Every structure is written in C-alpha cells, then in structure tokens.
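All remarks here apply to the structure that follows.
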Amino acid sequence: MRLHCEVEVVSRRLPALGLRNPGKGVRALLSLCQQPAPRSPPRPPAGRAGAPRPACLLVSTLRDKRGTRYELKGNIEQFFTKFVDEGKATVRLKEPAVDICLSKANSSSLKSFLSAVRLAHRGCDVETPFSPLTPVKTSEFEKFKTKMVITSKKDYPLSKNFPYYLEHLQTSYCGLVRVDMRMLCLKNLKKLDLSHNHIKKLPATVGDLIHLQELNLSNNHLESFSVALCQSTLQKSLRSLDLSKNKIKALPVQFCQLRELTVLKLDDNELIRFPMKIGQLTNLQFLSAARNKLPFLPSEFKNLSLGYLDLFGNTFEQPTVLPVIMLQTPLTLLESSARTILHNRIPYGSHIIPFHLCQDLDTAKTCVCGRFCLNSFIEGMTTMNLHSVAHTVVLVDNMGGTEAPIISYFCSLSCYANSCEMLK
C-alpha cells in the first residue's frame, strides 16, 4: 500500500539541543511494508505457522529512493487527524522521537492509509497488500509532479492523464478548441495557462477548481465570460485573469463578484463597455484594456484604486453638453420598491422574485449621492483624469492625454443641481 503526499519529518529532540527543524516538506512516497525476515529465523514448532513479520513505514523521496524505514508495531504515540479532510495528518512515533507530518495528500487515500497504519501499530492483520521493500523508481514521482508546461501539439498527452497533483499547468500552442475535461479533475491546480489556442467557450466546471488563482486565456477565440463562472468558487480564489486578444464585446454585471482579482488584462478585444459595477473590484491593482472600443467609462469606475491602468487606443467619445433626462413623476411602484430593496440591502434572488426583476436590480445605476435608481434618472457625461484612480497611467492617446469620459447618474433633479458644477 502506498501514499503520495508531502512529508516533513520533525525531530522532537532538536529544540532541546538548541537546533531548529528545516521546516519544509518534500514530495515523498509512503509505503506500508513488512520488515525483512531475519537471516536464520527460528523454525516454528511442528504444525504451527510462523508469526507474521511486523509492518513498517517506508518514506522514500526523489533524493533518497531507498527510503527511511520506521517500525510501527507498538511504536506510535499519537495520531493527529483534525485536518485529514484537507489531506493533512501527523503520526507521532516513540522511537525515533519524530513527528511524521503529511500534507497535500488525497483525503480518501490518506484515511485508508492511516487506517492500515493503525492496524499495523496494534499488531493486527492488515488486509491491504504490503508494498515491496525495494527502491522507488523515478517514474513513481512523475505522478506527483506539481508543474507541467506543454508548448506544442506533439507533446500534448492524448493517451494518459495529467498528473493528479499538478498545481501549475500550461498548454499553449496546442491547437485546443475546447478545454480538456481531464484538466478539470486537477483539484490542486492554482495556475492554468491555456493561452495561444482556439478555445471559443469555457465550461462552467472550470469554476470547480477551488484553488485556482491564475487563469490565462489570452490569444483564443472567446466571445464571452459566463455568469456561471462569475458566481462559482472563483469568487474566493481567482487573483489574476488574462482575457487579452479574444473577441469579447462585454462582460456580465456579475463579473464584479470576482472581488479577489488583483490583475485583469482585457487588451485587444472588442469591448464596448466595462461592467457597470466595476467599482466593486476593490482589490484590483492592475487593469489593462488597451485597443478596445470603449466609448466611455461607467460611473463606478471612479471607485477603483489602481496601481497601473492602460486604456490606450480606445474610441472614447467627447462628453455631451446636454444631459439625458429620464425622470419619472411620480415614481412607479417598481422604481420605488427597487430603490428600497437596494438601499436597505434586502437579499433577493430568482427563488424569491422573477428572474427579470433580479436582472433589473443587478444592473441598477448608482447616483453620485450613493442612492440607487432603476429607470428614473438623469444621465450626464464628464471627463475624469485617470490619475485620480491609478498611480501609473498609460496615455489614452498619442496626444499625451490622461483623461477619459465618464458617465454619471443622478436619482433626482436636486442631485443633478447640486452636481452641475461637475458637469461643466
């Protein structure tokens, strides 16, 4: 029986000697083996079978393929399994006085392995077959690779699976027209690079990669980024997203639920607008959307606080002099109730109200005073110096400008009157 995981062997005697443990785990293969038979074993009495040889734990690494052997029978002081569902556990031995700390293991495999180790500690029969006491082959560690880079079709694996423990996978220039479903089984994946392919659509199951922090989809044929992905576990994990050099015209309003994003690259698409709620991306530090078709910026853009901003080469319009007035007098029941729901932050969803009303609430406009409005508003346009939202700004045009038009909304005539200076 074997277990692939990361292992750190911690000596409990080093601190008493004023020394420190290295404090870093290494990739290892744990094997449950039988102790070798003595060279001249005593013969059992007639009619009796010899006692089974006790089990031992063999810890092998890429540097030490022969491994280090630890006795198990009556030699375990304690098991620490509080985080076993996260693939972590510790086995404390009596002799030598070490703690064998296991991490990054498959949780179900870890539970089975620890059950077998417990039986061996008690001297009971272990039902699972023992592994041989032989040096581990290098190929055994291939299964435990954490990084794989493939940059050509001929190197792409067609007949075998990707190593289960991959944390970084790059498959560029491989001619992929869709995401390989085998990639979606890599639950430890933190960085996925699918750039320079021909992918047109992303499956919603990409959102099941709960540890994914960096996603590079540049130089593909994507036309959208789905609402399902915006509402997946990527909300908590995704830090960097590269969608540059695709065919995306707009991002859904739910895109702004990816609030852990710090890097967003949208260069060389066909964007005609940013999501209205882009100001909710409060962790965003790097935003590039050069060479798109943006005519103006949404009102919440001014809520961003960026380190770097590049909007070069967009088709920004000149601000209009006259505002667009869409005020309703009196307010409709729909407008009043929508403002009340949003102002009081009352939870809503398609299981409570019709789906089209949820969409209306999701796309509600924010007045400069902070209130919300649905269909009753005044729309005005002004220019904003991009240095007010970013420390470093790439010039908007070849004329050295750093200003861009921004839409502003007003929920009432009084709000517009109070802000008329801003619109001059």
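Could you list, in sequence order, all residues of the range 144-159 that are among the hydrophobic types (A, V, I, L, M, F, W, C), in a loop (DSSP other than H, G, I, E, B) and either crowded, with 16+ Cβ neighbours inside 10 Å or touching a helix residue (DSSP H, G or I) at 6+ places or on another chain (Cβ under 7 Å) (or both)? Don't jump to the end; show me each part of the working.
Within the range 144-159, the subset among the hydrophobic types (A, V, I, L, M, F, W, C) is 144, 148-150, 158.
Filter again for in a loop (DSSP other than H, G, I, E, B), leaving 144, 158.
Within the range 144-159, just PHE144 meets the criteria.
Could you list, in sequence order, the residues of the range 116-143 that are acidic (Asp, Glu) and exposed (fewer than 12 other Cβ atoms within 10 Å of the Cβ)? Even if it seems obvious, please write down each step before you answer.
First, pick out the residues of the range 116-143 that are acidic (Asp, Glu): 125, 127, 140, 142.
Hits for the range 116-143 are ASP125, GLU127, GLU142.
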Residues of the range 196-216 satisfying the condition of being open to solvent by 70 Å² or more (accessible area, probe 1.4 Å), under 19 Å from LYS236 (Cβ atoms) and part of a loop (DSSP other than H, G, I, E, B): ILE210, HIS211, GLN213
Filter result (within 16 Å of ILE278 (Cα to Cα) and part of a loop (DSSP other than H, G, I, E, B)) within the range 227-237: GLN231
The one condition in (1) open to solvent by less than 60 Å² (accessible area, probe 1.4 Å); (2) in contact with a Lys or Arg (Cβ under 7 Å, 6 or more places away or on another chain); (3) farther than 22 Å from LEU14 by Cβ; (4) of a type outside the set (D, E, K, R) that LEU102 fails to fulfil: (3)
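Residues of the range 83-119 being more than 30 Å from the chain's Cα centre (by Cα) and not in a helix (DSSP H, G or I), which ones?
Filtering the range 83-119 down to residues more than 30 Å from the chain's Cα centre (by Cα) leaves 91-99, 115-119.
Across the range 83-119, the qualifying residues are VAL91, ARG92, LEU93, LYS94, GLU95, PRO96, ALA97, VAL98, ASP99.
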Residue under evaluation ASN283, criteria (1) closer than 22 Å to ASN246 by Cβ; (2) modelled with pLDDT of 95 or more, criterion not met: (1)
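Give the residue, chosen from THR382, THR340, that is outside any loop (DSSP other than H, G, I, E, B) and within 26 Å of TYR308 (Cα to Cα).
Values: THR340 fails: within 26 Å of TYR308 (Cα to Cα).
Exactly one of THR382, THR340 is outside any loop (DSSP other than H, G, I, E, B) and within 26 Å of TYR308 (Cα to Cα), namely THR382.
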Failed criterion for TYR164 (all others in (1) crowded, with 16+ Cβ neighbours inside 10 Å; (2) touching a residue at least 40 places away in the same chain (Cβ under 8 Å); (3) aromatic (Phe, Trp, Tyr) hold): (1)
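What residue, among those in the range 341-355 that are of a type outside the set (A, V, I, L, M, F, W, C) and surrounded by 10 or more Cβ atoms within 10 Å (Cβ to Cβ), is farthest from GLN254 (Cα to Cα)?
Keep residues of the range 341-355 that are of a type outside the set (A, V, I, L, M, F, W, C), which gives 343-345, 347-351, 354.
So of that shortlist, the ones also surrounded by 10 or more Cβ atoms within 10 Å (Cβ to Cβ) come out as 343, 348, 350.
Working: HIS343: 19, TYR348: 14, SER350: 14 Å.
Among them, the one singled out is HIS343.
Kindly establish whether PHE377 is outside the structural domain of CYS256 (by the TED database), out of contact with any Leu (no Cβ under 8 Å at 6 or more places or on another chain) and modelled with pLDDT of 90 or more.
Judged against the criteria, PHE377 is not a match.
In the list LEU243, LEU258, which residue meets the criterion of being over 13 Å from the mean Cα position of the chain (by Cα) and open to solvent by less than 10 Å² (accessible area, probe 1.4 Å)?
Numbers: LEU258 fails: over 13 Å from the mean Cα position of the chain (by Cα).
Every option except LEU243 fails the conditions.
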Filtered residue count, the range 356-389, keeping only those that are open to solvent by 60 Å² or more (accessible area, probe 1.4 Å) and touching a His at 6+ places or on another chain (Cβ under 9 Å): 1
Condition met for ILE346 (farther than 30 Å from GLY307 by Cα and in contact with a helix residue (DSSP H, G or I) (Cβ under 7 Å, 6 or more places away or on another chain)): no
All positions within the range 385-420 that are closer than 26 Å to ASN283 by Cβ and outside any strand (DSSP E or B): LEU386, HIS387, SER388, VAL389, LEU395, VAL396, THR402
Whichever residue in the range 246-255 is surrounded by fewer than 20 Cβ atoms within 10 Å (Cβ to Cβ) and assigned to a helix (DSSP H, G or I) and, among such residues, is farthest from the chain's Cα centre (by Cα): VAL253
First in the range 176-202 and assigned by the TED database to the domain that holds PRO157 and touching a residue at least 60 places away in the same chain (Cβ under 8 Å), second anywhere and in a loop (DSSP other than H, G, I, E, B) and aliphatic (A, V, I, L, M), Cβ under 8 Å, 6 or more apart: ASN188/LEU166
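The values are calculated or read from the model by the stated rules, or taken from the named source; none is laboratory data. Computed from a prediction, not measured in an experiment: that's the story for all the values here. Note: ideal-geometry Cβ built from the backbone for every residue, glycine included; neighbour counts use all protein chains shown. Accessible surface areas use protein heavy atoms only, side chains included; no ligands, DNA or RNA. Shrake-Rupley method; radii C 1.70, N 1.55, O 1.52, S 1.80 Å.
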